[in-house]
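The values are calculated or read from the model by the stated rules, or taken from the named source; none is laboratory data. Small disclaimer: the values here were computed from a predicted structure and weren't measured. Positions of Cβ are generated from backbone atoms using ideal geometry, with glycine treated the same way; all protein chains shown enter the neighbour counts.
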Amino acid sequence: MTNDPTAEWAGPLAGIRVLDFSRVLAGPAASLALADLGAEIIKIEPPGTGDETRTFPPMRGGESHYFLGNNRGKKSIVIDLKTTQGVKLARDLASRCDILVENYRPGVMDRLGLGYDVLSALNPRLIYCAISGFGMTGPLRDRPSFDIVAQALSGVLSVNGEKDSLPVKLGLPMGDLVGGINGPIGILAALHERHSTGRGRLIDVSLMDGLIGLLGYIAQLSFFTGEDPKPQGSQHANLVPYGAFPAKDGAIIIACLTNSFWTRICDALGFPEAGPDPAYDSAEKRRDLRDQVNAMIAAKTETKTIDELVTIFTEHQVPHAPILGVGDALRQPQAVAREMVVEADHQTLGKIPIVNRPIKFPGHPQPKPTAPPTLGQHTNEILGDILELDPGEIAELRKTNIIA
């Protein structure tokens, strides 16, 4: 990394090359995180439609919103892995890469001749991250899984939704996105280990395991009580007031984590006497009087606009937030100040807005991420620069439909 704090630098993973066989969401989320950190991502896609999400509507100019949302900063090459020559190309690329990411069901890559045993023999330094719904072992190993399935089987879906109503899935597809969290954690740990051992390793990431791992205090609550925690809507099982409260023109979130915030809420809303009142001076007492406390808060908030509530809660340092739609969230001053939306030059769509990297490295700015690739956009570049094939060899592969 340069010592010039104004010079752009790819990121801490500059020089690391990733071979990405993943598609849809869990695997692409993992390789996206690595791309954001500066790694070179080579996304191998099948002939025809490529990654399935390239066909997910709504579309603009033949490009899917879904694919665009998960594949910034990557390169695309189309290889037919059902052919011997296609598999050889993939193996040759794997021998020149540091990391491999795939999210097929266990056994698929082995059947293609691209499993860990084969590729690690060719490249002992290869870190091979396999992401699947249930992992490489256990009775559900071979069962297909989608985000909502992982949410249901992990217990996560059971605690989401309004009180006394049917549980609902999380709005964000965390069943899949947890692969984009745990995959890179395992990969970066293995990359560190490789510095001392000189060898890569196999990483087995299960989406169901990942969600169970996120249960945290909710799991501990079940251990303590012997009961299943129930949905609470936007409220908290043990903290009151905590959740959405009515305003004249909508609703606002209030979060009371400690007694000090309780007194601030009371002062802000004009009933300071309730702060030290022995009836409400502990989390347990407020929890047991949940309906009474919430009604007392709501009676005050519903007489004010959201802007008025934001002003008084800001003055009293009460944790709060207006409930923003996605568009407003992306346009809010904090997101703008953090440059969370940037423009990128797409090969067919021209300039498009994309979400920027969520991790920042102060003092060493990274360039804006490149736009998600069109199908096979970098095929010639990858084969020429990495495998050092000449134009004639590339043309022959294209002629025989090994690449597209």
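Below, the figures for the structure above:
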| read-out | value |
| --- | --- |
| Candidate set: the stretch 54-101, residues that are of a type in the set (Ser, Thr, Tyr) and under 26 Å from the mean Cα position of the chain (by Cα); chosen: the one surrounded by the fewest Cβ atoms within 10 Å (Cβ to Cβ) | Thr55 |
| Filtered residue count, the stretch 189-212, keeping only those that are among the hydroxyl-bearing types (Ser, Thr, Tyr) and touching an Asp or Glu at 6+ places or on another chain (Cβ under 8 Å) | 0 |
| Residue tally, condition of a type outside the set (Ser, Thr, Tyr) and crowded, with 22+ Cβ neighbours inside 10 Å, over the stretch 110-136 | 9 |
| Subset of the stretch 365-403 that is of a type outside the set (D, E, K, R) and without any contact (Cβ under 8 Å) to a residue 60 or more places away in the chain - its residue that is nearest to Thr55 (Cα to Cα) | Asn380 |
| Those residues of the stretch 139-172 which are closer than 25 Å to Leu34 by Cβ and either surrounded by fewer than 19 Cβ atoms within 10 Å (Cβ to Cβ) or free of Cβ contacts under 8 Å to residues at least 24 places away in the same chain (or both), in sequence order | Phe146, Leu170, Leu172 |
| Subset of the stretch 26-46 (residues that are on the phi > 0 side of the Ramachandran plot and assigned to a helix (DSSP H, G or I)) | none |
| Residues within the stretch 173-200 that are surrounded by fewer than 17 Cβ atoms within 10 Å (Cβ to Cβ) and either assigned to a loop (DSSP other than H, G, I, E, B) or touching a Ser or Thr at 6+ places or on another chain (Cβ under 7 Å) (or both), tallied | 2 |
| Residue match in the stretch 38-47 (condition: at pLDDT 95 or above, under 21 Å from the mean Cα position of the chain (by Cα), of a type outside the set (Lys, Arg) and over 21 Å from Thr379 (Cα atoms)) | no |
| Within the stretch 229-264, tally of residues that are touching a helix residue (DSSP H, G or I) at 6+ places or on another chain (Cβ under 9 Å), assigned to a strand (DSSP E or B) and not aromatic (Phe, Trp, Tyr) | 8 |
| Number of positions in the stretch 103-117 that are in contact with a strand residue (DSSP E or B) (Cβ under 7 Å, 6 or more places away or on another chain) and either aromatic (Phe, Trp, Tyr) or in a helix (DSSP H, G or I) (or both) | 2 |
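Rundown of residues vs (1) in the same structural domain as Ile99 (by TED's automatic domain parsing); (2) at pLDDT 95 or above; (3) in contact with a Phe, Trp or Tyr (Cβ under 7 Å, 6 or more places away or on another chain), yes/no style:
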position	(1), (2), (3)
Arg111	yes, yes, no
Leu114	yes, yes, no
Ser120	yes, yes, yes
Leu126	yes, yes, no
Cys129	yes, yes, no
Ser132	yes, yes, no
Gly161	yes, no, no
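A quick yes/no check of all residues on (1) touching a His at 6+ places or on another chain (Cβ under 7 Å); (2) in the same structural domain as Lys169 (by TED's automatic domain parsing); (3) modelled with pLDDT under 95; (4) farther than 21 Å from Ala274 by Cα:
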{"site": "Leu221", "(1), (2), (3), (4)": "no, no, yes, yes"}
{"site": "Thr225", "(1), (2), (3), (4)": "no, no, yes, yes"}
{"site": "Asp228", "(1), (2), (3), (4)": "no, no, yes, yes"}
{"site": "Pro231", "(1), (2), (3), (4)": "no, no, yes, yes"}
{"site": "His236", "(1), (2), (3), (4)": "no, no, yes, no"}
{"site": "Lys248", "(1), (2), (3), (4)": "no, no, no, yes"}
{"site": "Asn259", "(1), (2), (3), (4)": "no, no, yes, no"}
{"site": "Trp262", "(1), (2), (3), (4)": "no, no, no, no"}
